[in-house]
Amino acid sequence: MAVNEGLSIGALATRTGLAVSAIRYYEAQGLIKPWRNAGGQRRFQRSDLRRLSFVMIAQQFGFTLPDIRAELDRLPGGRTPTKADWARISVGFRARLDEKIDTLTRLRNNLDGCIGCGCLSLPSCALYNPVDRAADHGAGPRYLMGDRPER
């Protein structure tokens, strides 16, 4: 196949390991933009292999498609990311991953003492959250989300 003929959706699926339906979904989400050849078949840039690989990896780290699309949309003209682009993107992703790791670590470390009771408001909570002061900080399990009990 000549380079300017692009990749068929089947070839892209084979190379990425994605189902054809997943590739069509990512296309519908604006993550890749194929063109049509003279016969009306979708054709993809070879760089779409890298874009889809980035999508798959970012999803494994818990990033949403809107998060991923926002990063890819920052690239001028939808071009293939350069090494400098990946370095910039990874800084932002790293900070968000660090936040998720901190949250999960707090959850793991407090799991037995707080959620283990199944209630979140039994006698031990009276020590950490008398008269539900945590509610002043917002909804949800505030101490597991990073707020500290006032002593």
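Annotations
- The set of residues in region 74-85 being in contact (Cβ under 8 Å) with a residue 24 or more places away in the chain and under 18 Å from the mean Cα position of the chain (by Cα) consists of PRO81 alone.
- Considering (1) outside any helix (DSSP H, G or I); (2) more than 20 Å from the chain's Cα centre (by Cα), the lone condition that GLY62 does not fulfil carries the number (2).
- Beta carbons closer than 6 Å, at least 6 apart along the sequence or on distinct chains, pair a first residue in region 35-47 that is of a type outside the set (Val, Ile, Thr) with a second that is assigned to a loop (DSSP other than H, G, I, E, B) for ARG42/PRO34; ARG43/GLY6; ARG43/PRO34; ARG43/ASN37; PHE44/GLY6; PHE44/PRO34; SER47/THR80.
- Any hit, region 10-25, residues being closer than 28 Å to GLY146 by Cα and free of Cβ contacts under 8 Å to residues at least 60 places away in the same chain: no
- Taking region 83-133 as the range and being of a type in the set (S, T, N, Q) and modelled with pLDDT under 80 as the test, the residues that pass are ASN109, ASN110, SER121, SER124, ASN129.
- Sole residue being over 18 Å from the mean Cα position of the chain (by Cα) and either surrounded by 15 or more Cβ atoms within 10 Å (Cβ to Cβ) or modelled with pLDDT of 95 or more (or both), chosen from ARG36, ARG24: ARG24
The values are calculated or read from the model by the stated rules, or taken from the named source; none is laboratory data. As the structure is a prediction and not an experimental result, all values here were calculated from the model. Note that we place each Cβ from the backbone using ideal geometry, even for glycine, and neighbour counts take in every protein chain shown.
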